[in-house]
Amino acid sequence: MTLVIDNIGLLVTNSDEHGDGVLGVRRDVALVIHGETVQAIEPCGVAGDTRIDAAGRCVIPGFVDSHTHLVFAGDRGDEFVARMAGAPYQAGGILTTVAATRGASTAELQRGVAARRAEARRNGITSIEIKSGYGLTVDDEHRLLEVAAGETADTTLLAAHVVPPEFAGRADDYVELICGEMLDAVAGTCRWVDAFCEQGAFDADQCRAVLTAAAARGLGTRLHANQLGHGPGVQLAVELGCASADHCTYLSDADIEALAASPNRTVATFLPATDFSTRQPYPDARRVIDAGATVALATNCNPGSSYTSSMAFCIALAVRDMRMTIEEAMRAATVGGAAALQRPELGRLVPGSPADAAVLDAPSYTHLVYRPGMQLVALTVERGVIA
Ligand code: NIG
């Protein structure tokens, strides 16, 4: 079956071999999709089994959201309201969601994650990473990963999210549980392992232990780093060869140098909707990009620090407050996310790519920033299927 998106006014390919400028743009073309794959970029009017008329609008690669916590129960709206009245964000709020999630049935969690995944898709997100982290027992983390695996192949164990109440004052014992029994139980259900390196969560040695044990089992690693203050996270992520150091809100010169020189090309993944929701300062992405590091943007959709699936909102914040150009932000939300997930096939619209695209209700991708807060994703195509 061939699907044609016809009459595209502006197509972002993200490939300078297939179009102009840093986004590889083409004008007045049709995108031909065969099955799950992009087959060709043709002049308008080409035939196909199914036809979408883009009517001169802009088509972009689907967003690659490399950092989310979609599996949870409960609501933390009150915590957000208190923050807007001046209360600080604290890692301990995670335990509120842990209690609600432990008490939820698997069917309830599945319904919640499916609804949030659908919401993300409506916002143009066609590839997504989903973490556990609100179970914190061997059985609950396993259960959360199985629920996440129903929606994505990029599942991440985040047992080292916060110390659970039954281990209060015994963080090292909990780390030992993760490194042994828990990883043994869940290794077949996750592609990645993550840890929260922050005061109030886990220190550098504890995170190193978890990620080293994960790597020894052949799992990929990523790290929550420098979210709430300066700390060892970013440099630890580089030292361990993590795929990604996420948040990067507080960066020293040495952190930026380490990212730029990282032998494994550890991606600096910015989560600006989190800085919005927690009233943290925005990171200076300009310095990181100018130093030569690879950057990504992700939503960090979760009930505590960033309850949004709008990548457009993240792009707008990155341009408005992080000194990124619109083109840099677009790339960070597509090929940047693909780099953070080590899936280089994602984030482009060229022959042979997975057919993941968003038709915008706008003549240009620039409207994602120019018209903030508007639902500009008219239609999402995921692996060749109109979603
Ligand atoms: O990435 N920082 C740790 N984890 C999430 C927050 C989770 C929560 O507050 O529930 C984050 O911001």
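Looking across the range 90-105 at every residue that is aliphatic (A, V, I, L, M) and either near the ligand (Cβ under 10 Å from one of its atoms) or under 22 Å from Thr308 (Cβ atoms) (or both), the one that is modelled with the lowest pLDDT is identified as Ala91. A count restricted to the range 80-89 and to residues that are assigned to a helix (DSSP H, G or I) and within 12 Å of the ligand (Cβ to nearest atom) stands at 2. Just one of (1) among the β-branched types (Val, Ile, Thr); (2) buried (at least 19 other Cβ atoms within 10 Å of the Cβ); (3) free of Cβ contacts under 8 Å to residues at least 60 places away in the same chain fails for Thr106. It is (2). Counting only helices (runs of 4 or more DSSP H) that sit completely within the range 220-298, those holding 2 or more residues that are touching a residue at least 24 places away in the same chain (Cβ under 8 Å) and within 16 Å of the ligand (Cβ to nearest atom) correspond to 233-239, 272-278. Consider the range 119-147 and keep the residues that are on the phi > 0 side of the Ramachandran plot and touching a residue at least 40 places away in the same chain (Cβ under 8 Å). The one that is surrounded by the fewest Cβ atoms within 10 Å (Cβ to Cβ) is Gly133. Scanning the range 185-199 for residues that are over 21 Å from the mean Cα position of the chain (by Cα) and over 17 Å from Ala149 (Cα atoms) yields a single hit, Gln199. Within the range 233-257, the set of residues being under 20 Å from Leu297 (Cβ atoms) and hydrophobic (A, V, I, L, M, F, W, C) comprises Val234, Ala237, Val238, Cys242, Ala243, Ala245, Cys248, Leu251, Ile256. When we screen Thr278, Thr334 for residues that are within 13 Å of the chain's Cα centre (by Cα) and either within 23 Å of Val25 (Cβ to Cβ) or hydroxyl-bearing (Ser, Thr, Tyr) (or both), the only hit is Thr334.
When Gly92 is tested against (1) assigned to a helix (DSSP H, G or I); (2) of a type in the set (Gly, Ala, Ser); (3) surrounded by 19 or more Cβ atoms within 10 Å (Cβ to Cβ), just one condition goes unmet, and that condition is (3). Arg76 falls short on exactly one of the conditions (1) among the basic types (Lys, Arg); (2) touching a residue at least 12 places away in the same chain (Cβ under 8 Å); (3) assigned by TED's automatic domain parsing to the domain that holds Leu158; (4) more than 15 Å from Pro303 (Cα to Cα), and that condition is (4).
The values are calculated or read from the model by the stated rules, or taken from the named source; none is laboratory data. Just so you know, these numbers come straight off a predicted model, no measurement behind them. Don't worry about glycine lacking a Cβ; one is built from the backbone with ideal geometry, like all the others, and counts go over all protein chains shown.
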